[in-house]
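Notes for the one structure printed next.
The values are calculated or read from the model by the stated rules, or taken from the named source; none is laboratory data. The shown structure was predicted, so the numbers you read here are calculated from the model rather than taken from an experiment. Glycine gets a Cβ as well: all are built from the backbone with ideal geometry, and neighbour counts include every protein chain shown. With ligands, DNA and RNA removed, areas are computed over all heavy atoms of the protein, side chains included. Shrake-Rupley method; radii C 1.70, N 1.55, O 1.52, S 1.80 Å.
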Amino acid sequence: MWVYEKKLQYPVRVSNCNPRLAKYLIEQYGGADGELAAALRYLNQRYTIPDKVIGLLTDIGTEEFAHLEMIATMVYKLTKDATPQQMVAAGLGEHYANHDGALFYQNAAGDPWTATYIQAKGDPIADLYEDIAAEEKARATYQWLIDISDDPDINDSLRFLREREIVHSMRFREAVEILKEDKGKKKIF
C-alpha cells in the first residue's frame with residue numbers, strides 16, 4: 001500500500017540545541033491538533049467515506065505520518081545535546097524523568113495523547129468539515145510556533161508544514177463540494 005523512502009518529506013535542520021522550543025513543538029507531535037491525531041483521524045474516517053474521496057483521506061493521512069516524522073526529527077535534534085539541567089530549565093524535567101530523551105506522545109503541557117482526539121461521525125460531510133477544522137487548527141499552531149521560534153532553520157521546516165496544512169484544508173473543501181454535488185444528482189434505478 002505504501003512505498004517508504006528513507007528520507008524526510010522536507011529537510012529538517014536545526015541551528016542549535018533548544019529544549020524549550022522542542023517542548024513547544026511536542027504539541028504537534030502528540031497534541032489534539034497534532035500530526036498523530038490527524039493521521040489516525042483520516043485513516044479511520046476513510047472506512048465510512050464514499051469511494052469518490054476515499055483516496056484523499058488515504059493520501060493525506062499517510063502524509064500526516066510523514067509530518068509526524070519531521071516533528072519527531074526536530075524535537076530530537078533540538079534536545080539531543082541538552083543536559084538534564086537544560087531539560088529542567090526548559091520545562092521538560094518531568095519528561096526527562098520519565099523518558100530521558102525519548103519521544104513520547106504528549107502535548108506541550110505534558111498531557112499524554114488520547115484517542116478522544118480522534119473524531120469520526122460516520123457522516124461524510126460532518127467528518128470532512130471536522131477535517132477542515134483540524135487542518136486550520138494545525139495551520140494556526142504552526143504559525144504560532146514560527147512566531148515564538150528564533151531558529152531560521154526550524155522555521156523553514158515549520159513554514160513547509162504550515163503550507164501543507166493549507167493544501168490539505170483546500171483538498172478537504174474540494175471533497176465536500178464533490179460529495180454535495182453527488183448528493184444533489186438524481187439517481188436513476
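Would you confirm, using the coordinates I've provided, whether residue 135 is out of contact with any strand residue (DSSP E or B) (no Cβ under 9 Å at 6 or more places or on another chain), acidic (Asp, Glu) and open to solvent by 80 Å² or more (accessible area, probe 1.4 Å)? So residue 135 fails the test.
Cβ-Cβ distances below 8 Å connect the following pairs, each with a first residue in the stretch 109-128 that is within 30 Å of residue 92 (Cβ to Cβ) and part of a loop (DSSP other than H, G, I, E, B), a second residue that is open to solvent by 60 Å² or more (accessible area, probe 1.4 Å) and modelled with pLDDT under 95, and a separation of six or more residues or different chains: 110/94. Of the residues in the stretch 63-75, none is modelled with pLDDT of 95 or more and in a loop (DSSP other than H, G, I, E, B). Checking each residue in the stretch 156-189 for being of a type in the set (D, E, K, R) and open to solvent by less than 90 Å² (accessible area, probe 1.4 Å) picks out 156, 162, 163, 164, 165, 182.
If we keep just the residues of the stretch 143-155 that are open to solvent by 40 Å² or more (accessible area, probe 1.4 Å) and of a type in the set (D, E, K, R), which is farthest from the chain's Cα centre (by Cα)? Only one residue tops the list, namely 150.
Put simply, of 23, 52 the only residue that is part of a helix (DSSP H, G or I), more than 20 Å from residue 144 (Cβ to Cβ) and not polar (S, T, N, Q) is 52. The number of residues in the stretch 14-62 that are open to solvent by 50 Å² or more (accessible area, probe 1.4 Å), in contact (Cβ under 8 Å) with a residue 12 or more places away in the chain and out of contact with any Asp or Glu (no Cβ under 9 Å at 6 or more places or on another chain) comes to 3.
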